[in-house]
Structure formats: structure tokens, C-alpha cells
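Below is one structure, written out as C-alpha cells; comments come after it.
Nothing in this text is a laboratory measurement; each read-out follows from the coordinates by a stated rule. Everything quoted here is computed from the prediction, not taken from an experiment. FYI the Cβ positions are ideal-geometry reconstructions off the backbone, even for glycines, and counts take in every protein chain you see.
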Amino acid sequence: MKRNLLKGLGLLAMSAAMVGISSCESVELNSHTNGGNEDVTTRAWFNIAMGTDVSGSTGATYVQALSDVTSGTVSFKGHGFEVPCTRTARIFASEDGKILYSLDYGGGTISKYDVNGGQSYTLDTRINVSYAIGTENPRWTKLTDQYAMVQHATTSHQMNADNTYNYTKALIYLVSLDLGEMSMNSIEQFDMPRSAEDDEKSLHVWRIDAPVVQGGKAYVGLNKRSYDPTTASNVSTSDYSASTLVVDYPSLTNPKIISSTNGKGSTQGYRTPVAHADEKGDIYQITAAPSKMLKISNGDYDNSYVMDLSALLGVEIGSNGWFYVGNGIGYLPYYDKALGNSAAAGAWSVARIDLYNKSVVKLNVPQNLWLQQYQYSITGEDGKFYMALAPVTGEGHIYMFDPTSTSADGFEKGATLPALDSDCTYIGIF
């Protein structure tokens, strides 16, 4: 069953009036979506973000805006704008850093702030998307300075006539946003298509995230799990073909699933972007653990391509996502899978990846990193890639990586990041 929720919004007239739902004309996005590599814009502000109580579910997020992060100290001691949130804030910024967007995960609202510098942020607009997306805990992705998507999946167990378990159905919600107008355009709801593998292994999609748009299609990452009716419990697994939901964009209609023969497990990621389109129009997508880089071309997986990142790094790794800079070069936060992704393990590092030459260089960044909660980083006007990196409870820096360098020391250190209290961490540059 699929239904266009735009046809049924009469029951939601009050909410619709608040957010101003509008029609959406066909649009083609830049190929460099989700990677900080749209046409370089003069940057007014670097928005540095820090999270507190990150091991729990109700941590606060603080930001501050600086015009230059190549020197000095960026301290959150008694300083910074607390981004309002119920549980956690999922933030993005405009390419010039002048606007900050935040999803209140747990509150179901998306806010737009004018960035004034320092800890001065002024609320411009706030909309509630919860009624349209079916939850106050959706996920979202800024696609360009003009458009974003919000995504969510719910599940329900389907029973046979004799009341025995049949399968678990996933109901998908997708919403497209106009960030300029702060309004919702297409709103779609449909049952997730199922594969033969889903039926064979009793699998179902339970989370979706990290869309990327290319060639009039939106490609959305998936996370699956199985269900054991004998114990009435869900079972975590990565033993399934890496898959992606594909819908027409911007209508968000005509859903289908594509699957890889080269990779297994989740393509949904966590808070770091998972998939990026390059200048050639191909999409590169990472699997969670063990991590492999896959390629999508012309609407389907190109199974002639795969980068086994664990083999290239010499250790089995996991990752929540990666960042694309351009010309086939990206940066990969990853962890040693044997040690795990916890803060206590401190087993995270960063590598430079070359998609076209299938090469990986582990960078000489600090040891004892924890990047599980890391959300975003950017490419500056100088062409360098900026990350906020600090060891657990240790001093760090803004790292400025040179994409043209294949050296493990291919970076400069910028502003100092003071050591944070336990259970706090730097979560990105926006």
C-alpha cells in the first residue's frame, strides 16, 4: 500500500497552515551533495560544535561561530550557544556558514538560525515535521543550501490467519524540505518493498537515513534486522546484502530496492554522511562493519567495483560514514572493529581514501579518538578539509587536511581545542 499524504492533509489543516506545504517542481541537485563539496562559497563562519553527556540520550549540543580557525583557541568553557533540543540536536549549516539548521531529535521540529558570530545565534524559523513524518524522532539530511530530506521507518508484525508470525512490515515516511521557505514539499508514505533474501532470513528494514540525490533519484541507506517470534525479540545482524532504497526525486515516489553482491550490512550510517555523488555522477557508499566502499552507477550497484577498506588498512574496521572532498578523494573516520566503537576503547582514527585508485592512507592524527557521535566537516575555500579532532579528555586541534597529499602527515594543525570534561566530545565543523 502506498498513499500520497498530500491528498490527506485536510485532517491536518491547522498544522499545514503552520508550515506552509507547497508543491515541488522538478529540480536537479548539484552532483556534490552531502560532502561539503558544492561550488565553493565565500565562508563567513566556521560553526564548531561540541556535545555533552554523549553516552546518554539527552545530551546538549553547543556551537560557536568563528571567522578563522587556523590559529588561536576554541574554548567552550562557559561559552557557546546551546542548540535547543529534547534529546539531541542534528545540525547542518549553509555553505557559507551564515545559517545553522537543527533537527530537534525527540521534539520533531527543525529550526533555522541566523549566525551572527561567536555564541550569537538568532532563531529565524521553526517548523514541526512530526505529524508528516510519523514520529518526533526522525532523521534528516541537508542535500543542498536549498533542499533537505527527512526520513523515518516504522515496523509492525504481520500475522497469518492462524495467528502465527508471517513477516515484519516496514512503513516508510519521506518528506522533502525547502530550506529557503522552511516548508514541506513532497510527503510520501509507502510499504518498503521486500526481497527474497528478506523472506528467507526473516529480515526487515528498521531504520533509513543518509539520502543522496543524483539523476532525478534519491538513494536512501538502509539498516535491517531479523525477528525471532519464539522470543518475540528483534535480532541484530549484518548478514544481508547491502541495499539502498531508490525513489524518484523530488516526488519521492516509485520506490524500489537495489542490492550489492560485494558488501553486507547497514548502509544507513549513524550521524556521519554515508553516501556521496562525485563529479562523474556516480555514488559511492560505505557499509558499516566490516566497512567496504561500494559504487552506484546509472541507478544500480556497479558490482564490478569494491574497495575492501579493512584489507587496505590491514585491520578489520567499522565506520559510521565518510566525507567527500572532490576528484575522487575523501576522508574516513573509522575504528578498529576488534576493539569496538566506544569512548572507552578510543579506537578511532582517520584515513585519506582515493576512490579512483582504490588506495587508503592512515593519517597521523592523535590516538585515543572517539568519533561515534561525529556529525559533519567541511571543505574550506583553500581546498583543505577541516575536522575538529581531540583525544578523549585530551587537547586537540582543528586539522586542515591537504587532499592533494598522499602523506600520512598531509595536514596542518589550526586552532587548539582544549580538553573536555568526561562524556563530552567535539562533534564537527559546519
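Observations on the structure shown:
- Along the axis of the charge dipole computed for the chain (Cβ charges of +1 for Lys and Arg, -1 for Asp and Glu, origin at the Cα centre), the listed residues Thr425, Val235, Val246 are led at the positive end by Val235.
- Overall form of segment 336-384 per C-alpha gyration tensor (a/c, 1.5; a/b vs b/c): oblate
- Assigned charges on the beta-carbon of Lys, Arg, Asp, Glu; the chain dipole about Cα centre (debye): 660
- Order of His397, His276, His157, His152 under a 10 Å beta carbon neighbour criterion, fewest first: His157, His397, His152, His276
- Net charge, Gly318 excluded, C-beta distance under 10 Å - Lys, Arg +1, Asp, Glu -1: -1
- Rounded to whole Hz, the Karplus (6.51, -1.76, 1.60) HN-Hα couplings of segment 226-238, x for glycine and proline: 10, 10, 9, x, 6, 10, 6, 9, 7, 10, 5, 7, 10
- Near the amide H of Tyr249, within less than 5 Å, lie the amide hydrogens of Lys217, Ala218, all on another chain or at least 5 residues away, with H placed in the peptide plane.
- Remark on Thr125: its backbone amide H falls under 5 Å from those of Lys112, a criterion applied only to residues 5 or more positions apart or on other chains, H modelled at 1.01 Å from N.
- Neighbour-count order for Ile208, Ile427, fewest beta carbons within 10 angstrom listed first: Ile208, Ile427
- Least to most buried among Trp45, Trp348 (fewest other Cβ within 10 Å first): Trp45, Trp348
- Taking 0.36 nm per residue of separation and subtracting the Cα-Cα distance, full extension of the segment from Ser67 to Ala408 would add 120.0 nm.
- Ser236-Ser195 FRET efficiency (beta carbon distance; Förster radius 22 Å; 0.05 resolution): 0.70
- Pair Glu279, Asn160: separation of 7 Å Cα→Cβ label points (nm): 5.7
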